[in-house]
Amino acid sequence: MAARDALVIGGWQTLALLPGLSRSGLTIAGGVNRDLPFAEAAPCSFLLLRP
């Protein structure tokens, strides 16, 4: 995964500020949207949960 992909996926996390949207779900969706396989997007999502 490129640094640009990580920045875009992190940008998807900002949508979680809206009520009812899951931060982990949005980061996985952002990864899949960037053409990452789910097997790579899911672990990335949980790594981004850490501060």
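None of the figures in this text is laboratory data; all of them are computed from the coordinates on show. Quick caveat: nothing in here was measured; it's all calculated off a predicted structure. Using ideal geometry, Cβ is built from the backbone for each residue, glycine included, and neighbour counts are taken over all protein chains shown.
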### Query
At 222 nm, what helix-only mean residue ellipticity would the chain give, in deg cm²/dmol to the nearest 500, using -39500 (n - 2.57) for each DSSP H run of four or more?
-19000 deg cm²/dmol
### Acute angle (nearest 10 degrees) that the helix 38-47 long axis makes with the longest principal axis of the chain, alpha-carbon atoms
50 degrees
### Summary
Sorted on mean Cβ neighbours within 10 Å (highest first), peptides 5-12, 24-31 come out as 24-31, 5-12
### Task
Using only Cα atoms, tell me the angle between helix 23-33 and the longest principal axis of the chain; keep it within 0 to 90° and round to the nearest 10.
40 degrees
### Query
Which of S22, S45 comes first, and how do the rest follow, when ranked by fewest Cβ neighbours within 10 Å?
S22, S45
### the chain, Cα convex hull volume normalised per residue, Å³
67 Å³
### Query
Helix 3-13 versus the longest principal axis of the chain: what angle, 0 to 90°, nearest 10, using Cα atoms?
20 degrees
